[in-house]
Amino acid sequence: MSNGSMRQGFPRNRVLARYAFAVLAALAAILAQVALTEEWEVSVYSVLVGAVALAVWYGGVGPGILGVALAWVGAAIFVVADSESLDMSRHEAWVQWGVGLAVALVVIWVSLVLRRARQHAVRAADVAEESVAGLETLQRFSSALSAAASVSDVVTTLVEEAPAVVGAPVALGFVEEGDIVIAHPEGLQLAEWQVLRLTEGRMLHRTAREGRLLRAAGRKQLEEMFPQTAALAPNAEAAIAVPLRVEGRVIGSIGFVFDHAEDAHDDAGALAVVVAGLGGQALERARLYERELESRRGLDRILRVAPRFFAGSESVVTDAICREARLVFGSDLAMLWRVEGESLTLAAFDPEVSPLREGLRSDLDDFPRLRDAVHALNVSFVDDVSEEALGEGLARVRRMGLRSSLRVPVVIAGDVELVLIVSWLTMVSRPDSSTLVLVRRFADQAGLALEQVERRRAEAEAARRAAEARKLYEMTAALAHAATPAEVGAVCIEHSRAAVGAVGGFVARAPTEGDALTLVATGGDLGAVELGSLTLASDVAVAHAIRTGASVWEPGHDGSGPHDAGAESSVALPLVSGQRVLGAVQLVFRGRLEPTSDVRDRLEAVVAQCGLALERSLLLDSELRLRRASERLQSITTELSNALTRADVAEVLLAHVDEAVGTECAVIVSLGEGLGPTEILGWNGFDEDDAERWLDARTDSTTPQGQAIRRLAPYHF
């Protein structure tokens with residue numbers, strides 16, 4: 001049963017029924033008024049007001065206006081015309097008739113205002129519901145990606161969950177050696193895992209090649225930007241494509257094809273960027289996990305062959321490799337050089353020998369046979385290195401007195417990352433095949449040990465990111481349950497402080513009018529930060545962030561930039577939703593702040609979620625205030641409908657003015673000819689003598705009442 005077909009049990013199928021009801025109500029009210037007038041010898045206009053209220057309630061504003069016209073015309077004919085029987089003058093009868101008409105018109109106006117308020121509240125509730133639903137969908141998508149352990153699991157999750165987030169079918173492709181492999185072609189007439197050249201003018205190809213978001217809004221623009229894609233999707237009206245990045249490198253692209261152009265709006269583009277970002281992070285994590293599995297398979301071999309290589313840090317491992325190499329091969333010196341293009345950088349050596357030092361650089365061209373061995377991944381032995389070395393390399397070899405040298409590349413993940421060199425101060429014989437096998441195996445174990453170090457680093461990084469994702473999920477869940485701006489502010493302060501280790505913080509809202517900032521929530525130790533008189537023009541970080549919409553980082557008291565007294569350092573970030581700056585959060589630190597890019601990204605991610613939650617809470621708060629105002633207006637309307645005299649009307653208004661406006665005293669005065677005060681209808685908050693002074697108010701004075709009377713408009717003093 002819809003609201004358009006039934007309202008409180010009355011049929012609403014035709015417009016005629018609504019207007020007929022208004023006519024019947026007006027006629028019934030006129031008959032009742034005439035009967036009551038003859039019985040009581042006093043005109044009762046409340047009956048007419050009630051009839052108008054019923055007509056408005058049942059039929060709306062149009063039938064209400066018709067009811068007013070009929071009822072008051074009837075009252076003019078049957079009541080005002082017979083004013084002598086009511087013991088009043090014709091003028092008094094017309095005044096009473098006019099007051100009743102005014103009350104009826106007020107009823108119609110209030111009904112119109114309430115109806116518009118209800119419509120606005122419904123729209124606001126729909127927007128809030130859509131925001132919460134979108135946030136929940138994004139949470140499910142993020143959780144599904146977090147649970148994906150392998151690359152194939154991540155691809156499956158992207159294909160199955162991304163359409164619900166953006167609201168369109170998804171097409172997914174990966175770049176492989178100049179081609180793009182279509183992993184999932186939903187919405188396109190392609191086969192899965194079809195290989196296409198990157199030079200073709202398709203949506204996924206162009207996005208992967210240019211490495212930026214591309215959007216085609218409308219069929220014409222789609223055909224111009226992606227002609228091949230438009231041909232494969234004849235029903236598509238718009239498309240959005242975003243590159244997939246892993247470790248800053250474009251590995252593919254993800255596209256969304258829309259059947260309606262209006263669906264490819266800015267929010268859809270932002271969600272597509274979020275989907276691609278989360279997908280890239282998940283792919284990176286999955287690759288690290290698979291690499292970890294491969295490293296783990298080689299762990300047993302490392303422990304069996306070179307147990308002393310196992311250590312906690314790269315420097316300890318490289319030192320152990322050099323020390324063990326010198327002992328195993330009986331050399332005088334062992335060095336581990338890192339290969340960087342056509343140059344070498346010394347990573348470790350044993351023992352300490354001048355002029356060697358960590359970070360020492362050398363050109364591969366100074367050692368031609370070593371250069372060839374590195375390029376060919378071969379073991380190289382030189383009887384007398386001084387006969388091979390050139391330039392600065394020769395000078396260093398002669399200074400150190402080195403003669404024979406054995407070199408072996410150390411391969412990590414298929415690439416030559418380092419080269420191990422063992423040297424003697426005397427000439428030694430060429431190593432036999434068994435020694436060469438041993439040195440190759442030693443280099444393999446060294447490479448595996450260093451891969452293990454890298455694996456542990458990746459594992460720690462993955463654990464850190466998982467912890468951050470868990471914290472972000474917990475914050476998102478807390479924000480989803482925060483209904484008011486104060487609750488959102490409290491959650492924002494709690495999680496932003498935990499994310500960067502701040503000692504205190506507060507959230508301030510941007511002014512809706514004027515320039516005063518509204519304090520939403522505080523937490524922790526704010527030191528000497530003054531919160532009592534914050535304005536948009538204040539020279540503090542939070543005001544700068546709200547004015548500019550940009551983050552303000554104050555690392556410490558160095559004499560540059562604005563800072564808050566009592567705080568060693570602080571940061572303020574705007575709370576933004578779309579293009580609107582809703583407020584800002586400011587965090588306070590003890591000591592100098594040295595923000596890294598990781599700290600900035602983590603804090604900005606937290607604040608971005610808080611901005612969306614704050615907008616939702618503001619919409620809910622606005623809806624609540626409108627609902628309360630609606631209830632107050634309904635109460636006033638009910639009481640006014642029972643007011644028979646001007647004094648009754650004044651009493652109703654005075655009874656509600658304190659609650660509605662927050663006044664301490666009020667007076668209602670009627671105006672006569674020349675707009676001069678003639679009668680006090682009611683007052684509160686005044687003594688009687690003070691209230692009567694309003695009768696002496698001059699309309700030509702500069703007092704508030706004089707200004708209001710002359711302007712015939714509200715005047716705020």
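The values are calculated or read from the model by the stated rules, or taken from the named source; none is laboratory data. All values reported here derive from a predicted model rather than from experimental measurement. All Cβ positions, even for glycine, are placed from backbone atoms using ideal geometry, and neighbour counts span all protein chains on display. Quick note on the areas: whole protein, heavy atoms, side chains included, nothing else; ligands and nucleic acids left out. Shrake-Rupley method; radii C 1.70, N 1.55, O 1.52, S 1.80 Å.
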Query raised in the report: Do we find that VAL328 is among the β-branched types (Val, Ile, Thr) and either in contact with a Pro (Cβ under 6 Å, 6 or more places away or on another chain) or open to solvent by less than 10 Å² (accessible area, probe 1.4 Å) (or both) in this structure?
Result: no
Query - the stretch 89-142, subset among the polar types (S, T, N, Q) and at pLDDT 75 or above, residue farthest from the chain's Cα centre (by Cα) - result: SER111
Report summary line: For strands (runs of 3 or more DSSP E) lying entirely in the stretch 339-454, having 3 or more residues that are under 19 Å from ALA320 (Cβ atoms) and of a type in the set (A, V, I, L, M, F, W, C) picks out 343-350, 405-412, 415-423
Report summary line: Flagged in the stretch 409-431 as closer than 24 Å to PRO351 by Cβ, among the aliphatic types (A, V, I, L, M) and in contact with a strand residue (DSSP E or B) (Cβ under 6 Å, 6 or more places away or on another chain), in numbering order, are VAL410, LEU418, VAL419, LEU420, ILE421, VAL422
Query - Residues (aromatic (Phe, Trp, Tyr), closer than 17 Å to THR638 by Cα and at pLDDT below 75) located in the stretch 37-62 - result: TYR45
Requested in this report: Taking the options GLY583, GLY611, name whichever one is surrounded by 22 or more Cβ atoms within 10 Å (Cβ to Cβ), modelled with pLDDT of 80 or more and part of a helix (DSSP H, G or I).
Outcome: GLY611
Query raised in the report: Quick one: what pairs do we get from the stretch 586-598, first residue in contact (Cβ under 8 Å) with a residue 60 or more places away in the chain, second open to solvent by less than 40 Å² (accessible area, probe 1.4 Å) and of a type in the set (D, E, K, R), C-beta under 9 Å, 6+ apart or different chains?
Result: GLN586/ASP564; VAL588/ASP564
Report summary line: Scanning the stretch 354-372 for residues that are surrounded by 14 or more Cβ atoms within 10 Å (Cβ to Cβ) and within 54 Å of the chain's Cα centre (by Cα) gives LEU356, LEU360, SER362, ASP363, LEU364, ARG371
Report summary line: Note on the stretch 208-244: residues assigned to a loop (DSSP other than H, G, I, E, B), open to solvent by 20 Å² or more (accessible area, probe 1.4 Å) and either out of contact with any Gly (no Cβ under 7 Å at 6 or more places or on another chain) or in contact (Cβ under 8 Å) with a residue 40 or more places away in the chain (or both) are ARG212, LEU213, PRO234, ASN235
Query raised in the report: If only one of LEU593, LEU624, LEU575 is touching a helix residue (DSSP H, G or I) at 6+ places or on another chain (Cβ under 6 Å) and either at pLDDT below 80 or hydrophobic (A, V, I, L, M, F, W, C) (or both), which one is it?
Result: LEU575
Query raised in the report: In this structure, is LEU519 farther than 29 Å from THR596 by Cβ, at pLDDT 80 or above, open to solvent by 60 Å² or more (accessible area, probe 1.4 Å) and of a type outside the set (Asp, Glu)?
Result: yes
Query raised in the report: Does any residue of the stretch 630-653 turn out to be β-branched (Val, Ile, Thr) and within 21 Å of VAL552 (Cα to Cα)?
Result: no
Query - Any chance ALA545 is surrounded by 20 or more Cβ atoms within 10 Å (Cβ to Cβ), assigned to a strand (DSSP E or B) and of a type in the set (A, V, I, L, M) - result: no
Query raised in the report: Pick from the stretch 664-681 the residues that are touching a strand residue (DSSP E or B) at 6+ places or on another chain (Cβ under 7 Å) and of a type in the set (A, V, I, L, M, F, W, C): which of them is farthest from THR645 (Cα to Cα)?
Result: CYS665
Requested in this report: Could you list all residues from the stretch 248-281 that are part of a loop (DSSP other than H, G, I, E, B) and either under 16 Å from THR207 (Cα atoms) or in contact with a Lys or Arg (Cβ under 9 Å, 6 or more places away or on another chain) (or both)?
Outcome: GLY248, ALA264
Query raised in the report: Taking the stretch 382-438 as the search range and keeping residues that are closer than 17 Å to LEU370 by Cβ and among the polar types (S, T, N, Q), which one is surrounded by the fewest Cβ atoms within 10 Å (Cβ to Cβ)?
Result: SER386
Query raised in the report: Got at least one residue in the stretch 667-675 being modelled with pLDDT under 75, in contact with a helix residue (DSSP H, G or I) (Cβ under 8 Å, 6 or more places away or on another chain) and over 30 Å from LEU479 (Cβ atoms)?
Result: yes
**Report entry** Residue check for SER152: at pLDDT 75 or above and open to solvent by 40 Å² or more (accessible area, probe 1.4 Å)
**Finding:** yes
Query raised in the report: Between a first residue in the stretch 477-492 that is in contact (Cβ under 8 Å) with a residue 40 or more places away in the chain and of a type in the set (Asp, Glu) and a second residue that is open to solvent by less than 50 Å² (accessible area, probe 1.4 Å) and assigned to a helix (DSSP H, G or I), which pairs have beta carbons less than 8 Å apart while being 6 or more apart in sequence or on different chains?
Result: GLU487/SER617
Query raised in the report: (1) modelled with pLDDT under 75; (2) of a type outside the set (A, V, I, L, M); (3) farther than 23 Å from LEU288 by Cβ: which one isn't true of GLU176, the others all being true?
Result: (3)
Report task. Could you please find all residues in the stretch 497-511 being under 15 Å from ARG547 (Cβ atoms) and of a type outside the set (D, E, K, R)? Result -> ALA508, ALA510, PRO511
Requested in this report: State yes or no: is GLU604 in contact with a Leu (Cβ under 9 Å, 6 or more places away or on another chain), in a helix (DSSP H, G or I) and not hydroxyl-bearing (Ser, Thr, Tyr)?
Outcome: yes
Report task. Answer with yes or no whether ARG287 is touching a helix residue (DSSP H, G or I) at 6+ places or on another chain (Cβ under 7 Å) and open to solvent by 60 Å² or more (accessible area, probe 1.4 Å). Result -> yes
Query raised in the report: Which of the residues belonging to the stretch 325-353 are free of Cβ contacts under 8 Å to residues at least 40 places away in the same chain and of a type outside the set (A, V, I, L, M)?
Result: GLY330, GLU340, GLY341, GLU342, SER343, THR345, PHE349, ASP350, PRO351, GLU352
